[in-house]
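Just below is one structure, and these are the notes that go with it.
The values are calculated or read from the model by the stated rules, or taken from the named source; none is laboratory data. Remember, it's a predicted structure, so these values are computed and weren't measured experimentally. Virtual Cβ from ideal backbone geometry, glycine too; neighbours counted across all protein chains shown. The protein model used for the area step is the full one, side chains on, heavy atoms only, and it has no ligands, DNA or RNA in it. Shrake-Rupley method; radii C 1.70, N 1.55, O 1.52, S 1.80 Å.
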Amino acid sequence: METRSLSLRVVPGEDPDRPMASVHVDGVPLTEVWRLHLRCFDPDELFGDPVLLPADPPRRVAVLVCSCGEPGCEVVAPLVEREGPYVAWRGARRYCGVFEGPTADASEIAEAEPQDGVQQYDPPDLRFDAAAYEAEVRRAAADRSWETPRRATARLLRERLREEPVPGHTVLWVGPHQYVREGFRVSLLDAGGYQLVIDVLTPERPPREWAAAAEAVVRAGPGTWYVTYRGTAPLFG
């Protein structure tokens, strides 16, 4: 099998705060290499936690997602595995209703195998030099040059809330508010497994100061939160 080169890039989206990751093989977008009308995930999802690194045991990683951006709609996930001096992407498959991000629970993937939600694709397997591949994945994970101040603030706020969780709640995601410049949305899972999304509004300032001010709003407690969404059933299980 021919050895290919991997490059990971960030390309602008319609919103400056929401760019997209882009995976290139020998300088060509993966969507063109595999001839699929899909897109990549948000850079934080695909690059931030380097899920593209091979794991033991090997796992499937969704490298492309439906053009709508919803993983439950459709992803294409090859098996990423280390093979001596190489990293290989093998047996790329289409999954519907299985992934919620670039990775999924191995048992859920296995259960989906016989179902209609999985389809064997024909895109070729890909093989990369392991040293160059892993260096590129780690470079992309460390690169934050694409972050706007709002994205940097959202990341810092998420990190703070994960390091010291709000009692009875687990943070799912944090992102810039779509409509309010000085706002962020924080998605939490409560002790009963119900999701809630709260709006956090605080005047703009440098990212670290902004994240600290936003954190104070969240830590003021549920009685003070402006809840814009509350789930009607447990999110998981």
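Couple of notes before you dig in:
- For the chain, calculated [θ]222 nm from helices alone, where every DSSP H run of n ≥ 4 adds -39500 (n - 2.57): -6500 deg cm²/dmol
- Shape category assigned to region 101-229 from the gyration tensor of Cα positions, a/c cut at 1.5: oblate
- Bridge type composition, the chain - antiparallel percent by DSSP, nearest 5: 95
- Shape call, region 27-128: gyration tensor on alpha carbons, a/c limit 1.5: rounded
- In this calculation the C-beta distance from Glu163 to Met1 is compared with R0 = 30 Å, giving a FRET efficiency of 0.10.
- Between Thr228 and Val28, the modelled label-to-label distance comes to 4.1 nm, taking each label 7 Å out from Cα in the direction of the beta carbon.
- Averaging Cα coordinates gives a centre for region 187-207 and one for region 1-32; these two points are 30 Å apart.
- Entry for percent of Cα pairs over 25 Å apart (calculated from the structure that is shown) out of (i) 44; (ii) 40; (iii) 47: (iii)
- Rounded accessible area of Cys68 (nearest 10 Å², 1.4 Å probe): 80
- Each label point was placed 7 Å from the Cα along the Cα-to-Cβ direction; for Ala152 and Tyr194 their separation is 3.8 nm.
- Solvent accessible area, Å² - Val76, 1.4 Å probe, full protein context: 0
- Paramagnetic label reach from Arg90 (point 7 Å along Cα→Cβ; backbone nitrogen cut-off under 19 Å): within region 27-63, residues 52-63.
- Two-site label geometry, Val180 and Glu108: point separation in nm, points 7 Å out along Cα→Cβ: 3.0
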